[in-house]
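The structure appears below as structure tokens.
The values are calculated or read from the model by the stated rules, or taken from the named source; none is laboratory data. The shown structure was predicted, so the numbers you read here are calculated from the model rather than taken from an experiment. Here the Cβ positions follow ideal geometry from the backbone for every residue, glycine too, while neighbour counts run over all protein chains shown. Note: accessible area is taken over every heavy atom of the protein model, side chains too, but ligands, DNA and RNA are not part of it. Shrake-Rupley method; radii C 1.70, N 1.55, O 1.52, S 1.80 Å.
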Amino acid sequence: MLKRLFGYDPTKTTIRTELLAGLTTFLTMSYILAVNPSMFSLLDGMSAGAVFTATALAAIIGSLAMALLAKMPFGLAPGMGLNAFFAFTVCGSMGYSYEVALTAILVEGIIFMILSIFKFREALVNKIPKNLKFGITAGIGLFITIIALINAKIVIQ
């Protein structure tokens, strides 16, 4: 049954190893349950409780989809970089309401799904040079670091 549901192969791993890996993944990802509500509750009208619930549900649904449909051992949760961009740039600096920003994300998600279905997204990602991918990742990390340093009053705007 485990092989059919999750692709578990007892010749390659053990139940104990898989459970420890799952616990490690959960503990690594769980920070988002604290950070997301605190970040989004700074926006007028967003409830920290609602953001917590939405974050948890998104992580549960995404992770279960990866486990049951893709048979891949990956945990999925809302991404910190895009969430920080949403809260501090789109709603903060640019001044859009969170309703307008969420609507833009819905439209973007639909477009992203269409591009993924027709394999255009994959072809585009494969065309991006590896060094640029590393640079984008580092840039997102630095962006989140700057936001944290400003919020901690270590860096003053």
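Normalised by 2.2 N^0.38 Å, where N is the number of residues, the alpha-carbon radius of gyration of the stretch 80-133 equals 1.40. Placing dummy labels 7 Å off each Cα toward the beta-carbon, the span from residue 34 to residue 97 is 3.3 nm. Relative to the longest principal axis of the Cα atoms of the chain, the long axis of helix 98-117 makes an angle of roughly 40 degrees. With θ taken as phi - 60° and the Karplus curve 6.51 cos²θ - 1.76 cosθ + 1.60 applied, the whole-hertz 3J(HN,Hα) list for the stretch 146-154 is 4, 4, 5, 5, 5, 5, 7, 6, 7 Hz, x standing for glycine and proline.
Identify all lysines with a Cα-Cα distance to residue 71 below 23 Å; exclude those on the same chain that are fewer than 8 residues away in sequence. Straight-line reach from residue 71, under 23 Å: 3, 12, 119. Any idea what log10 I(q)/I(0) is at q = 0.11, 0.18, 0.20 Å⁻¹ for the chain, Debye with uniform C-alpha scatterers and no solvent? Per q value, in the given order, log10 I(q)/I(0) is -0.60, -1.35, -1.44. Think of a 1.4 Å ball rolled over the protein heavy atoms: the chain then has 73 Å² of accessible area per residue. Between the beta carbons of residue 6 and residue 47, assuming R0 = 25 Å, the FRET efficiency works out to 0.10 to the nearest 0.05. Across the stretch 55-64, computed HN-Hα scalar couplings (Karplus, 6.51 cos²θ - 1.76 cosθ + 1.60, θ = phi - 60°) run 5, 5, 5, 4, 5, 5, 5, x, 5, 5 Hz from first to last residue, x flagging Gly and Pro. Just the protein heavy atoms count here, and of the accessible area of the chain at 1.4 Å, carbon and sulfur take up 73 percent. As I understand it, the value is the acute angle between the Cα axis of helix 31-40 and the longest principal axis of the Cα atoms of the chain; what does it come to in degrees, rounded to 10? Taking the Cα atoms of the chain, the angle to 31-40 is about 30 degrees. Using the average count of surrounding beta-carbon atoms within 10 Å as a protection proxy, the listed peptides 87-95, 32-40, 19-27 rank, highest first, as 32-40, 87-95, 19-27. Here the gap between residue 111 and residue 68, fully extended at 0.36 nm per residue and compared with their Cα-Cα distance, gives a gain of 13.0 nm.
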